[in-house]
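The structure under discussion appears below in the form of structure tokens.
The values are calculated or read from the model by the stated rules, or taken from the named source; none is laboratory data. What you see is a predicted model; the values in this text were computed from it and never measured. Glycine also receives a Cβ, built like all others from the backbone with ideal geometry; neighbour counts cover every protein chain displayed. Only protein heavy atoms, including side chains, enter the accessible area calculation; ligands, DNA and RNA are left aside. Shrake-Rupley method; radii C 1.70, N 1.55, O 1.52, S 1.80 Å.
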Amino acid sequence: MPFLGGRVMKTTARNHLSAQAVEVPDPVEDFGQDGGKFYRCYDTLAEEVDDDMVNGLKEQLDGMLIFAGLFAGINSAFLALTLPLLSADLADDISALLAQNNAILVQMATGRNDSIPASPQLPSADFSPSPNIFAVNALFSLSLAFAIISSFLAVLGRQWLVYYRKRSGGGPDSQRWEQLKRFLGAGRWRLEPILDDVLPSLLQIGLIIFCTSLILYLRHLSPTISLIVAVPMYIALAFFIGSALCTVWDKFCPFQSPLSHVLFWSARTIPSVMRGIKAPRWDQLSKGVSLKRWANTLTNGRKEDSPESLQVVAIQRAVCTSDDPATLLNATANLFGIKDLAYMERLWKDPNFQERFHDQWQNSYSRMLQLQGHDGLISAASSRQLYSAAAAHILLCKNHNGAHLSSLEHSISTLQELSIPDLDSKVTDSSGCLIRGTLAFTILQFEKRQPSPEAVTTFSNYLVASLLNRELRDWGTLCVIAFIIANVPDLQGISPDSREALSRAYRGENTPETLVKDMRLLIAPDSTHLPNRAPIVINALHWIDRMLCADNTQAKFTIEQKFSLLEVCERVLPSPRFPGAARDVARQIRVRVSDIWQQEFAATAKTSIPKHLFCVLEQHITKISAFHLAKRSFHQSVEVLQIFGPSTRQLLSYGYNVLDDEAKEAHAALIETFNKKPLGECKTRMNAGVTGRSEQYQFG
């Protein structure tokens, strides 16, 4: 997961919570398509967090530079005293030479003829520095080197921070994602630990070395003075180490330092590493150090983060860092834009995100009431509904074999039944994501416990109201409703084995064949388990009509699948159990499919008309005519032929030069179907309605 530790995670957005109403946003199908609400909140949060980190590090680096300058000056003064002790003192040589000259002058002055002893070697010839002095100078020099290195890195760190906050070209979107990439890069390369821990530790190590060399130097001069100075230094060192050890016992201890961070990390990491240590496998080791892999990495560089990955990090950063209700609600609303299983898995595996999401979800109702008072009852209920739908989205967009999902499932089962305020006005204006998530969440609740009759009634009304949203064009929501109709008898919940099917339905992975099966179950004569079945059928037909649009990009239907749906809708027409509105929509779907079929063969007529265009219409006419004749709904057969007759005549008018051998056989089968005896009267009436003549004709 991206780096969120250190100062960033310790900082919460300083957004001011006011008593003004907080608007609960609708979830979005695509990330960021909320009118810029989330981006405005995120930009404010990211700017604040980055400024806090950069300003804090700059202050620390400035203090280090000042201290390092003073420390280097003091260290240099001591080196000026101790470095000469490493070489011979020229005054000793001069004293030796002067003594020899004095002896010669005395001999000459007294007239004595004594032989002058041979001149001994000068003291410098036999000079060897004391081991203590050598160690003192080595330690003083090393201490000075640490001070200089830390000063250099502090200056370099300030340059890194300037680059980190440097704005690039482009618009706000480009700057936002580039700054987020820099944030992730700073986390990967541990910018904050280096500037916050490594640099101060270098200076602290240099200070400890300096104190050690000072004690040794004073011992060389006077052991008593050395002891007097060493005692307080040992006490200070013991206090430093003890304060660092306190953080191992209490991670919120204020005595934080680079040493305490190392000790805390070691205490948490080393035992787990030792327990899980295994003998290395040479095949994996050789794979990890592959020269070809490293060569490609060095040549091509690191692959940049994908836009989807950056979106995950943006939501994670907002949820884990902010305390502003608007930011958290908008981040949760954009959580629905993450549909990829891998990215959802990556987001939910972060323990910080799990903890924060659970906290906001469980306390969203009470916190909204606390913020807005009793005037915010609707906003509080809407807030909890949003978080509940988001929980269902997370659960159903992930693989179900992870143990880290158990806490989420437990929260779903223990949360009280979801109350949906202002039902009629709210649902019809809600997005498909919120409706789909609310339906799925309620079904997941029903799985864990027996719902009350009031909950069943509320849920049934919500289901009907969801279908009343005429502006809704959402294939995933239709799949969830179809799943509920087919798999939730009496709305008493689903079995654990059906969870995967619900997950596929939620993700919009249901096939049109599944939708056909569900519609057949819904309109079956013995299907009475679902309350408000008639309005559900009417609005489900409206949705199918919208889903069959040629420009629909959510669910790609083949022409065969569209005719299968039309066949199910045809079964509504002769049924007296459904109102006239349902039959009107079914007729509209019939016209829609006819137009789609005509567009299909018109697009291929200039080249080669495929076989399946003949077959699909021939099979449909055969099945529907037999069904309507069995139901004695003769007029429906006439209407079918009136709708498909003109386009069929046009199709059959094309010459054999645009047909292959298989298409010619299908062409003949379609003609035979229209010329069958049971359809004679239908064709006569159709011909009368189309051409104004009453005689019967034959396709040929």
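Key figures for this structure:
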{"read-out": "The stretch 161-234, accessible area per residue, ligands and nucleic acids excluded (1.4 Å, Å²)", "value": "53 Å²"}
{"read-out": "Potential lengthening between VAL248 and ASP323 on full extension [0.36 nm per residue; Cα-Cα distance subtracted]", "value": "24.2 nm"}
{"read-out": "Residues GLN588 and ARG188, FRET efficiency given R0 of 45 Å [Cβ-Cβ distance, rounded to 0.05]", "value": "0.20"}
{"read-out": "Residues ILE149 and ALA342, FRET efficiency given R0 of 41 Å [Cβ-Cβ distance, rounded to 0.05]", "value": "0.45"}
{"read-out": "Karplus (6.51, -1.76, 1.60) ³J(HN,Hα), θ = phi - 60°, over the stretch 562-567, in Hz, Gly and Pro reported as x", "value": "5, 5, 5, 5, 4, 4"}
{"read-out": "HN-Hα J in Hz across the stretch 311-318 - Karplus 6.51, -1.76, 1.60, θ = phi - 60°, x for Gly and Pro", "value": "5, 4, 5, 4, 5, 4, 5, 5"}
{"read-out": "Extension gain, SER608 back to SER76 (0.36 nm per residue minus Cα-Cα distance, nm)", "value": "182.2 nm"}
{"read-out": "Cα→Cβ-extended label distance, 7 Å offset, between HIS358 and ALA99, nm", "value": "8.5 nm"}
{"read-out": "Nonlocal amide H pairs with PHE31, under 5 Å, H built at 1.01 Å", "value": "none"}
{"read-out": "Length gained when the stretch GLU178-LYS664 is fully extended (0.36 nm per residue, less Cα-Cα span)", "value": "169.0 nm"}
{"read-out": "Of LYS37/LYS562; LYS166/LYS303; LYS181/LYS339; LYS517/LYS611; LYS339/LYS623; LYS339/LYS611, those spanning more than 31 Å from alpha-carbon to alpha-carbon", "value": "LYS37/LYS562; LYS339/LYS623; LYS339/LYS611"}
{"read-out": "In nm, spacing of pseudo-spin labels at PHE239 and GLU308 (7 Å Cα→C-beta vector)", "value": "5.6 nm"}
{"read-out": "Karplus-derived 3J(HN,Hα), 6.51/-1.76/1.60, for each residue of the stretch 66-83, Hz, glycine and proline x", "value": "5, 5, 5, x, 5, 5, 5, x, 5, 4, 5, 5, 5, 5, 5, 7, 9, 4"}
{"read-out": "R0 of 60 Å, Cβ-Cβ distance THR622-SER452: FRET efficiency to nearest 0.05", "value": "0.80"}
{"read-out": "In the stretch 222-260, the chymotrypsin sites (Phe, Trp or Tyr not before Pro) that fall in loop regions by DSSP, at most 12 other Cβ within 10 Å", "value": "PHE252"}
{"read-out": "Computed label-point distance, nm, for sites LEU227 and ARG165 using a 7 Å Cα→Cβ extension", "value": "5.3 nm"}
